[in-house]
Amino acid sequence: MKINKGYIIVGLIVAFGLIFELAAHADEFDLATSITFSQPIQVPGQVLPAGTYLIKLADRDPASHMVQIFSSDRSVLYGTFMTIATDRQRPTDDTAVTLAEPESGGPEVLVKWFYPGSETGNEFVYSKQREKELAQDRQQTIVANQPSMLNSDTVGAGN
């Protein structure tokens, strides 16, 4: 049986294309995103200094809503945090976070994290007292690679 060289070349191109496609989307299974904060940021139980962090799902199952925050090179795990599902009206093509500016001063608080293109995100769980305080604080949703804008429904941690 004679095999045409053209079929072999086409087969290799298709196989290479499939491998490249899988590698290009490797972070989608854990929704890993990198984000840089220019100021310290508060997360449940601690304040992270200004810098670049990797935020991802702790489990491949998005329904578990456990989120991990690492250093940008994944060498330091800053914490694994319980979150609850939260929705937004319009997904964006970039990572979005909602920050609360405490009336009492101090670093801004990370309230929500949305993966690019997702309508459902993760709202960080704080103590009941802290959630009451956050509900009174001014909240701002920031989309990566876009100028920050105040969201029209930014007041209230449950939004």
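The values are calculated or read from the model by the stated rules, or taken from the named source; none is laboratory data. Only a predicted model underlies this, so the values are computations on that prediction, with no experimental measurement involved. Here Cβ is always computed from backbone atoms with ideal geometry, including for glycine, and neighbour counts include all displayed protein chains.
Results, tabulated for the structure shown:
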| item | result |
| --- | --- |
| Filter result for the condition that a residue is exposed (fewer than 15 other Cβ atoms within 10 Å of the Cβ) and either modelled with pLDDT under 95 or of a type in the set (A, V, I, L, M) (or both), over Ile84, Ile69 | Ile84 |
| Selection from segment 59-98 of residues that are within 14 Å of Gly121 (Cα to Cα) and of a type in the set (A, V, I, L, M, F, W, C) | Ala63, Met66, Val67, Phe81, Met82, Ile84, Ala85, Ala96, Val97 |
| Segments classed as strands (runs of 3 or more DSSP E), wholly inside segment 99-143, with at least 1 members that are under 21 Å from Gln89 (Cα atoms) and among the aromatic types (Phe, Trp, Tyr) | 108-114, 120-124 |
